[in-house]
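The values are calculated or read from the model by the stated rules, or taken from the named source; none is laboratory data. What you see is a predicted model; the values in this text were computed from it and never measured. Here Cβ is always computed from backbone atoms with ideal geometry, including for glycine, and neighbour counts include all displayed protein chains. These accessible areas exclude ligands, DNA and RNA; they are computed on the full protein's heavy atoms, side chains included. Shrake-Rupley method; radii C 1.70, N 1.55, O 1.52, S 1.80 Å.
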Amino acid sequence: MLTYNQCKDFKNIDQPSGRVYDVPAGFYPSVTTVLKATANMSGIDAWKARVGEEEAQRILEAASSRGTILHKYLEDFFTEYSKPSIDDARHFIKHSGLEQEPLFIQQMVKSIMKQLLIHKYESIAQEFVVWDDELKLAGRCDNLGYWMGKLTLVDFKTARKEKPLAYVKDYFLQATAYCKAHNSMFPEQITRFAILIANEQGGFQLFTGTPKTYIPELRYRVKKFYEQKKN
């Protein structure tokens with residue numbers, strides 16, 4: 001059986017049609033590629049029309065950069081401290097270079113770290129690839145660990161401002177896909193996920209859920225994706 005560390009080594013390839021992962025059974029599309037291809041894009045299209053293509057592209061690139069920076073700090077944090085204390089967090093903030101970042105980046109990283117400390121989070125694996133041979137998809141998990149003593153898949157997100165519940169539905173499906181894939185690969189089963197969203201205005205949102213609730217919708221979206229691909 002593969003270990004979490006071994007699963008870090010599987011590579012993704014960005015293609016014009018979307019991201020794929022090179023896993024033992026072949027090239028599987030990423031979870032995010034599947035969800036994006038089957039999402040209702042009318043709201044996004046209307047937003048792009050409203051702000052203009054150039055401004056929309058600038059915002060999307062800024063969002064990607066913001067997310068990359070936040071994920072790097074959290075990865076470094078848990079590499080140094082798998083079960084961090086408040087003192088560990090203070091030491092990391094002081095010595096990691098975070099205090100040299102723009103204020104909104106500092107606030108986002110700190111707000112997520114605070115929630116992880118509140119919930120006594122203990123990380124056991126991060127940035128590892130999982131795949132599902134039944135649904136034929138794959139993805140890279142942000143973090144896995146014990147949230148208040150219970151094995152939980154944790155996903156980190158950033159946003160410009162607070163997101164309405166309707167806008168985070170695909171985050172639930174993404175987390176569900178990771179949990180289902182994980183549970184097909186490893187003996188210890190994940191029964192809960194947590195999605196932590198920090199925004200540029202200093203706000204924070206926490207969503208938790210159980211994968212079994214969203215598996216029917218996930219199956220529908222995957223089926224739709226492969227039907228679209230066939231046609």
Can you name every residue in segment 1-41 that is open to solvent by 40 Å² or more (accessible area, probe 1.4 Å), outside any loop (DSSP other than H, G, I, E, B) and either closer than 18 Å to residue 223 by Cα or in contact (Cβ under 8 Å) with a residue 60 or more places away in the chain (or both)?
4, 5, 12, 19, 27, 32, 36, 37
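This table checks each residue for (1) modelled with pLDDT of 95 or more; (2) among the aliphatic types (A, V, I, L, M); (3) closer than 26 Å to residue 40 by Cβ.
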{"position": "123", "(1), (2), (3)": "yes, no, no"}
{"position": "143", "(1), (2), (3)": "yes, no, no"}
{"position": "153", "(1), (2), (3)": "yes, yes, yes"}
{"position": "157", "(1), (2), (3)": "yes, no, yes"}
{"position": "166", "(1), (2), (3)": "no, yes, yes"}
{"position": "179", "(1), (2), (3)": "yes, no, yes"}
Residue by residue through segment 211-231, note down the ones that are under 30 Å from residue 160 (Cβ atoms), of a type in the set (Phe, Trp, Tyr) and surrounded by 14 or more Cβ atoms within 10 Å (Cβ to Cβ).
214, 225
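Per-residue answers, yes or no, for (1) among the β-branched types (Val, Ile, Thr); (2) crowded, with 22+ Cβ neighbours inside 10 Å; (3) farther than 26 Å from residue 226 by Cα; (4) modelled with pLDDT under 95:
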residue	(1), (2), (3), (4)
110	no, no, yes, no
116	no, yes, yes, no
127	no, no, yes, no
130	yes, yes, no, no
139	no, yes, no, no
162	no, no, yes, yes
183	no, no, no, no
191	yes, no, yes, no
Just name the residue that is modelled with the highest pLDDT out of those in segment 1-36 that are small (Gly, Ala, Ser) and farther than 21 Å from residue 179 by Cβ.
26
So, in segment 193-210, of the ones that are open to solvent by 40 Å² or more (accessible area, probe 1.4 Å) and within 14 Å of the chain's Cα centre (by Cα), which residue ends up nearest to residue 117 (Cα to Cα)?
206
Are any of the residues in segment 167-187 assigned to a loop (DSSP other than H, G, I, E, B) and either charged (D, E, K, R) or in contact with an Asp or Glu (Cβ under 6 Å, 6 or more places away or on another chain) (or both)?
no
Evaluate segment 42-49: report whether one residue or more is under 23 Å from residue 226 (Cα atoms), modelled with pLDDT under 80, part of a helix (DSSP H, G or I) and not acidic (Asp, Glu).
yes
